1. With N set to the residue count of segment 512-569, report its C-alpha Rg divided by 2.2 N^0.38 Å to two decimal places.
2. Work out, step by step, the length gained on full extension between ARG156 and TYR657: first 0.36 nm times the residue separation, then minus their alpha carbon distance; give nm to one decimal.
3. What accessible area, in Å² to the nearest ten, does a 1.4 Å probe give for LYS830?
4. As an exercise, use a Förster radius of 56 Å and the Cβ-Cβ distance of ASN179 and ARG769 to find the FRET efficiency, rounded to the nearest 0.05.
5. Can you tell me how much longer the chain between ASN555 and ASN100 gets when fully stretched, taken as 0.36 nm per residue apart minus their C-alpha distance, in nm with one decimal?
6. Students sometimes get this wrong: rank ASP136, ASP96, ASP625, ASP186 by accessible area, probe 1.4 Å, all chains present, largest first.
7. Residues of segment 744-824: accessible area per residue at 1.4 Å, in Å²?
8. What spacing in nm lies between the two simple spin-label points modelled at ASP669 and ILE699, each 7 Å away from Cα in the Cβ direction?
Amino acid sequence: MKKFCRIINRIFKDRFRKITAPEGFDAEKLRIDFKERYHHFNMLLNANNKALEVMAGIEQALQGKRPFGMSFVKSSCIQVTVSLLRLIKHLEHLSDGKYNQLYDRFDDISNKIGPLIEQKKGMTDERIVIPLHSIDRTMSDLVGGKMANLGEIHNRTQMKVPGGFAITAHACHLFFSHNDLQPEIDKRFISADLDTMDGLGSLSADIQNLITSAEIPKEIEDEISAAWKVLEEEMGRPLSVALRSSAFGEDAAENSFAGQYRSELNVREEILFPAYKDIIASLYSLTAITYRLNRGLRDEDIAMSVGCIAMVDALSGGVAYSGNPLDNMDHSIIINSAWGLPKAVVDGGVDCDLFIVGRSPQLQITRREIKEKKEQFVCYSEEGLCRFDATGDNKDAPSLTDAQALDLAGLAVKLEQYYGAPQDIEWAIDRKGTIYILQCRPLRQIQAEKVDESGKPDQNARENVIAAGGVMICPGAVSGPVFIINNPADMAKFPDQAVLVARQALPVWASLMNRAAAVVTEQGTFAGHLANVAREFNVPAVFGLKDIATLLKNNAIVTVDAARQCVYSGKVDIPSAAPQTPKNRMEGSPVYNVLSEVSRHIVPLNLLDPYSTKFKPENCRTFHDITRFAHEKSVQEMFNFGKEHNFAERSSKQLYYKVPMQWWVLNLDDGFKDEVKGKYIRLENIASIPMLALWDGLIAIPWDGPPSIDGKGLASVMFQSMTNRSLEPGMKSSYTEKNYFMVSKNFCSFSSRLGYHFAITEALVSERRGENYISFQFKGGAADNNRRVRRVQFIADILTDNGFRVDVREDTLISRVEGFEMDYMLERLKILGYLVIHTRQLDMIMTNPNAVCYYRAKIDKDIQSILPPGSAAVSPKVCEADSMNNA
């Protein structure tokens with residue numbers, strides 16, 4: 001108890017200590033020196049704010065606010081690194097190198113970040129071309145998933161695969177290195193606008209042009225030409241091939257890349273090399289870039305191999321699923337087929353035949369739907385790939401015989417058994433009746449949605465039906481405005497969470513799957529590329545709704561009920577058991593994981609208490625720690641300059657408001673209206689806009705004094721006061737003696753210690769909205785840790801309700817608001833001024849729910865009363881009467 005009394009006595013002694021003016025000084029020289037220090041202080045603040053902006057962007061990205069790629073990760077690291085270097089350098093000037101140990105901590109943290117963003121798989125196999133008979137599924141790193149699977153089927157099963165060879169990922173690496181392409185591509189990504197379709201489209205076109213204009217090294221051309229001749233001899237006829245992308249990660253279980261890269265059919269030798277470059281360039285097609293962004297895949301991990309496969313003179317072709325993609329308990333084989341090449345099926349531009357084959361007791365066709373097939377794709381040696389209108393009886397005839405459908409089903413079952421999981425298989429049948437496997441990848445399946453009557457409207461929405469029918473591609477029920485897309489140019493205008501409506505289910509629409517609420521089309525197949533991507537992104541989709549692009553109008557609100565294959569007018573509440581899109585699609589992806597690892601060295605704040613003995617440069621473990629330390633020390637150095645040069649009281653002025661107060665103001669530049677020669681600065685002479693707003697909050701409502709506390713609260717305060725020396729106001733620290741303002745016309749840094757807690761408020765407020773920011777930090781208290789933590793959370797809730805972004809660590813609160821117009825920012829400063837005064841000693845009552853309820857309601861009511869009518873303030877909380885009385 002004696003120690004507690006000594007603390008109280010010391011408070012009074014400190015409060016009435018006399019201030020002595022310094023003796024003799026060279027005022028002019030000190031003013032020049034001070035001006036230079038202010039320049040460095042101002043530049044340090046700019047660097048600090050830029051670093052904090054980058055950190056906030058990283059945190060928002062990790063929360064799933066938007067998709068991002070490695071270019072975002074790298075550019076964020078570059079920006080924060082540059083800002084930190086500038087910040088440390090300006091602190092060096094302010095402190096005469098006192099804290100140069102920060103450079104060592106900066107280097108150490110940077111050396112931990114570097115390997116995380118530069119990690120790239122090395123290539124040990126340097127073959128440029130590998131024939132199909134030498135490829136198996138263990139070689140996906142070198143030849144990509146598509147060719148690795150084809151080689152496996154060719155060499156390990158008895159199934160037919162066209163002859164061919166792979167132009168490896170190592171060849172692509174040589175091509176890029178020969179033309180120094182990767183650094184140029186990286187530069188374009190970092191400077192591009194990845195948040196708009198226009199920006200992505202321009203980036204894609206620029207990079208693809210860069211690649212197709214580059215020179216293929218002679219060693220690659222020689223190897224490809226030699227492999228071509230060998231394959232031509234094996235085929236025994238003039239050769240034409242399908243050049244198909246086979247990137248690393250393509251055809252994987254979670255990321256199919258369906259239709260995202262380019263394929264060239266019926267390629268002859270004279271156009272082989274330009275076609276090869278076109279395939280490589282498709283690594284940066286608009287659809288591929290957006291797919292990787294939305295799936296969180298690293299560009300560095302997607303090495304491109306190209307498959308060179310002999311063309312099949314296809315009578316019919318299509319896709320077979322060894323299970324139902326929409327029901328993981330349905331083991332039926334689903335076959336989609338069309339006349340000619342399977343391109344008609346996978347591109348989703350025409351209707352195709354459907355065969356469903358059951359497995360028990362033996363393979364048998366349980367359902368067949370024969371559609372009118374108006375078009376087919378055929379290859380002619382001299383004319384390339386041709387699209388023909390189907391004529392005569394052929395267009396209405398089945399593109400498969402029952403025997404062929406059963407043979408295909410048998411192959412699908414064998415491939416599923418071989419790989420141990422359901423498969424998605426592209427196939428073609430030549431004019432001799434031979435079935436060729438062209439592609440095989442894992443089939444993505446989901447749990448079926450239970451619907452009473454599929455294909456019939458919900459009983460509560462029958463009057464709202466606009467269209468019904470078609471094929472369910474992905475289940476779910478959602479509402480949104482209609483956006484009709486007629487060509488790729490319309491994609492740039494597509495709004496978030498709109499219903500994508502198109503005549504054809506083209507693969508290019510896949511770029512919008514992260515933004516579309518649902519997809520409905522007039523044509524399209526269950527097995528098309530767009531269908532696969534819609535299922536990957538869990539976007540409700542219905543294809544084959546006749547005349548839907550005519551029936552719907554842009555901006556009209558509709559509800560898509562995919563499970564019932566219905567579209568309703570207006571917003572209709574349709575219960576749906578379909579799997580919901582995860583809140584953060586990026587989470588768990590390679591790019592997300594890299595950013596998450598990098599952020600551990602950037603974002604966490606460990607240096608919380610500036611009065612702790614651990615608040616030292618050597619304890620900075622993250623970039624955020626460095627900014628916190630540098631900012632704190634820069635403020636101290638600005639005030640210490642005056643003390644160290646016997647210039648303190650001539651530089652900082654004691655605020656005179658009715659009477660002299662323990663508030664001191666340091667004019668950094670133009671914070672005073674007139675030059676002040678004496679000891680005091682009167683409030684009417686303050687020109688600092690943010691300081692005046694803070695002051696308005698500080699004095700807006702008189703403080704009622706400490707809250708009534710119970711015995712436990714008082715005991716907690718007394719115990720902390722007697723055992724924690726950092727709480728003693730007599731401890732040496734600039735903050736324990738006075739409350740400081742550092743001001744210019746549009747800037748204010750306010751450091752206060754009222755009682756046992758301290759707060760730092762910093763604000764830049766002007767007409768330039770984009771530069772406006774307020775940061776607020778709060779820590780401490782006299783009660784035990786539990787009560788201090790509860791008070792910080794109490795303040796955090798109030799700030800959050802009033803538009804601040806808040807982070808709470810133990811009994812420390814860090815908050816920020818930025819980018820708003822001047823009036824809004826000044827209102828936030830007024831709120832902070834009020835809170836600094838009126839949250840004093842509330843930690844002592846934080847274990848009393850009734851008291852907490854009372855003070856929350858009072859504070860909300862007070863805040864509303866001190867702001868102008870119509871301001872964005874939270875409504876007062878309502879407390880029960882007995883809670884009010886108990887408080």
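The values are calculated or read from the model by the stated rules, or taken from the named source; none is laboratory data. These numbers come from a predicted model, not from an experiment. Because the Cβ atoms are built from the backbone with ideal geometry, glycine has one as well, and the counts that use them run over all protein chains shown. Side chains included, ligands, DNA and RNA excluded: accessible areas come from the protein's heavy atoms. Shrake-Rupley method; radii C 1.70, N 1.55, O 1.52, S 1.80 Å.
1. Dividing the Cα Rg of segment 512-569 by 2.2 N^0.38 Å gives 1.07.
2. Using 0.36 nm per residue and subtracting the Cα-Cα distance, I get 171.3 nm.
3. 50
4. According to the calculation, E is roughly 0.80.
5. Result: 157.9 nm gained on full extension.
6. So the residues, ranked largest to smallest area, are ASP96, ASP186, ASP136, ASP625.
7. Result: 35 Å² per residue.
8. So the label points at ASP669 and ILE699 sit 2.7 nm apart.
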